[in-house]
Amino acid sequence: MESKLFNLSISLKVIVGISIILWAFIALFPLLWVFIMSIKLPIDSFASNPLNVIIGPNTLKQVGGLSFINLIFLCFSIYIYFKFFKSRKHSFLKINNLTNNKLISFLLLVLIFIALFLVLFLFFNTHIANFLNNIFEYIPFLKILSKPLIGFTTQHFVAVWSENEFYIQFLNTALVTLGVVSISLTVGTLAGYALSRSSSVIAFWLLVAALVFRALPHSVLVTGYLELFIDYGLYGKKIAVIILLVAINQPFTIWMLRSFFMNIPQDLDEAAQIDGCNPFQAFWMVIMPLMWPGVITTGLFSFLLAYNDYLVCALLLDGQSQTMVPAIMQYFNMETTMTDLVESIAAAASITLPLFILVMFFQKQIVSGLTQGSVKG
C-alpha cells in the first residue's frame, strides 16, 4: 500500500517539483557559474551580459571552443562514467574476489575511477573529438558539426597548477587532511566505543568536557597552542595544524561515534567474548564491521573540517606549507589583473572536484550512517 506521504494531489506534486527544481538551481548555480567563468577569457568572465559569460564570444574568436561534436562526446562521457559509477559496488566485489583484501580492492577501484576519468574526459574528449573535428571540417555537409559553438579554454587551469605550482598546496592539503582524519577516527572509535559501553559518572563528565571544548572558538585554541608550537619549533609546519585540527575535531568525533556505537547492542560484545574473543577482538572483528557507515560519515565530516579550514592554516602555516583554501584567499586579496582573478576562480573550481567525487562515491554509506546515528543519541 502506498504511503499517504507520497499520495499527493497533482497541484501539490507540481508545487513540490517546482520547489525542488528551484532549490537545486539555487544550490548549484554558484558552482556552475564559477566553473563557467574559469573556462573563459577575462573579458568574457566579467562581462555584464550573462549570455556573454556563458557563450564566451571573445573566447570563441581568440582561442576557440567546443563544437557540437565536443558537446556530444562530453555528454556521452558523462553518461558512461555515471553508468560505471552506479556499478561500483559490483565492481568492488569482483576486485575483492581477486585480491581478498578490502583495502587493496578499494584503492584499486579508486585508481580505476581516476584512470577512467582521464581516458574519458581528457583523451576521449580532446584527441578523439578534435580528430573528428579536423575530418568533418573538410566535408561540406558535416562542416557545421565541427564549428565551435561555445568559447572554452583551459589555460587558467594550466596556469594555476603548472605556473603557479598550485599542486604544492594540494599536496599540503592532502597531507594535513590525511593526518587529521586518521588520528581523529582512530582515537574517536576507541573513545566512542569505551564511552558507549560505560555508565559511570566519569564517562558522563568526559563527554560534557568534550562538548565544552568543542564549543570554544578556534582563535582561542590557536592562541593557547601558539606559544608551545613556537617553543618546540613546530610553528609554520604542517604537524602543528594537524595537532590543532585534531584537538578541535576530536570532541565532535567522539560524540558522533559514540551515538553510532550505542545503536549496536551490547549483547554482541558479550556473545563474541563467550565465543573466545578478548575485548579488543570483539571490538575489531564484530563491532567495527557494523560500524563502517558511521565511521565513513564521521570521517567525511573530519575531512571537510581539515579540507576547508582557513583560520588555523592561515595563522600557523608559512607560504611553502600553505594549504589550498588560504592560498586561494591570498590570490583574491592581492592587487591583481583580471587574468589573475580568473586563475583564482579556476583554483576555486578545482578544489570542489574532490569534494564532489567523495560525496558521490560514499553517498550510500553517508545516508546509512546519518540514519543509523539519528536513532539513538
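Of everything in region 184-234 that is among the aromatic types (Phe, Trp, Tyr) and more than 30 Å from the chain's Cα centre (by Cα), the residue that is modelled with the lowest pLDDT is Phe204.
If I filter region 160-186 down to residues being in contact with a helix residue (DSSP H, G or I) (Cβ under 8 Å, 6 or more places away or on another chain) and of a type in the set (Val, Ile, Thr), which single residue comes out as surrounded by the fewest Cβ atoms within 10 Å (Cβ to Cβ)?
So, considering only residues that are in contact with a helix residue (DSSP H, G or I) (Cβ under 8 Å, 6 or more places away or on another chain) and of a type in the set (Val, Ile, Thr), the one surrounded by the fewest Cβ atoms within 10 Å (Cβ to Cβ) is Ile183.
Of the set (1) part of a helix (DSSP H, G or I); (2) without any contact (Cβ under 8 Å) to a residue 24 or more places away in the chain; (3) crowded, with 16+ Cβ neighbours inside 10 Å, all apply to Trp205 but (3). In the condition set (1) in a helix (DSSP H, G or I); (2) modelled with pLDDT of 85 or more, Phe84 is compliant with all but (2).
Scanning region 117-153 for residues that are among the β-branched types (Val, Ile, Thr) and part of a helix (DSSP H, G or I) returns Val119, Thr126, Ile128, Ile135, Ile144. Those residues that are assigned to a loop (DSSP other than H, G, I, E, B) and either in contact with a strand residue (DSSP E or B) (Cβ under 9 Å, 6 or more places away or on another chain) or surrounded by 11 or more Cβ atoms within 10 Å (Cβ to Cβ) (or both), I need them from region 34-60; list them, please. Correct list: Ile39, Lys40, Leu41, Phe46, Ala47, Gly56. Exactly one residue among Leu120, Leu107 is outside the structural domain of Ile254 (by TED's automatic domain parsing) and either among the charged types (D, E, K, R) or free of Cβ contacts under 8 Å to residues at least 24 places away in the same chain (or both), and that residue is Leu107. Could you list, in sequence order, all residues of region 274-320 that are under 21 Å from the mean Cα position of the chain (by Cα) and outside any helix (DSSP H, G or I)? Asp309, Tyr310, listed by residue number.
Against the test of being crowded, with 17+ Cβ neighbours inside 10 Å, under 21 Å from Lys61 (Cβ atoms) and outside the structural domain of Ile80 (by TED's automatic domain parsing), the options Phe157, Phe136 yield a single qualifying residue, Phe157. Checked against the criterion of being assigned by TED's automatic domain parsing to the domain that holds Thr352 and at pLDDT 85 or above, the candidates Leu290, Leu316 yield just one match: Leu316. Using beta carbons and a limit of 9 Å, which pairs, at least six apart or on different chains, have the first residue in region 53-66 and in contact (Cβ under 8 Å) with a residue 12 or more places away in the chain and the second one assigned to a helix (DSSP H, G or I) and aromatic (Phe, Trp, Tyr)? Listed by first residue and then by second, the contacts come to Val53/Trp33.
Only one of the listed residues (Ala247, Ala272, Ala282) is surrounded by 14 or more Cβ atoms within 10 Å (Cβ to Cβ), in contact (Cβ under 8 Å) with a residue 24 or more places away in the chain and among the aliphatic types (A, V, I, L, M). That residue is Ala247. Say whether the condition of being closer than 22 Å to Val176 by Cα, outside any helix (DSSP H, G or I), touching a Phe, Trp or Tyr at 6+ places or on another chain (Cβ under 9 Å) and charged (D, E, K, R) is met by at least one residue in region 213-223. No; the residues of region 213-223 include none that is closer than 22 Å to Val176 by Cα, outside any helix (DSSP H, G or I), touching a Phe, Trp or Tyr at 6+ places or on another chain (Cβ under 9 Å) and charged (D, E, K, R). How many residues, within region 187-202, are touching a residue at least 40 places away in the same chain (Cβ under 8 Å) and not in a helix (DSSP H, G or I)? Residues meeting the conditions: 1.
Would you be able to tell me the number of residues in region 224-249 that are not in a helix (DSSP H, G or I) and not basic (Lys, Arg)?
Within region 224-249, the first condition is being not in a helix (DSSP H, G or I), and the residues that meet it are 232-237.
From what is left, the residues that are not basic (Lys, Arg) are 232-236.
Residues flagged as not in a helix (DSSP H, G or I) and not basic (Lys, Arg) within region 224-249 amount to 5.
When residues in region 13-33 are screened for being exposed (fewer than 10 other Cβ atoms within 10 Å of the Cβ) and either modelled with pLDDT under 80 or over 27 Å from the mean Cα position of the chain (by Cα) (or both), 0 of them pass. Quick check on Leu71: is it within 15 Å of Phe131 (Cα to Cα) and in a strand (DSSP E or B)? Considered against the rule, which asks whether it is within 15 Å of Phe131 (Cα to Cα) and in a strand (DSSP E or B), Leu71 comes out as no.
The values are calculated or read from the model by the stated rules, or taken from the named source; none is laboratory data. No experiment lies behind these values; they were computed from the predicted model shown. Cβ atoms come from the backbone with ideal geometry, glycine included; neighbour counts cover every protein chain shown.
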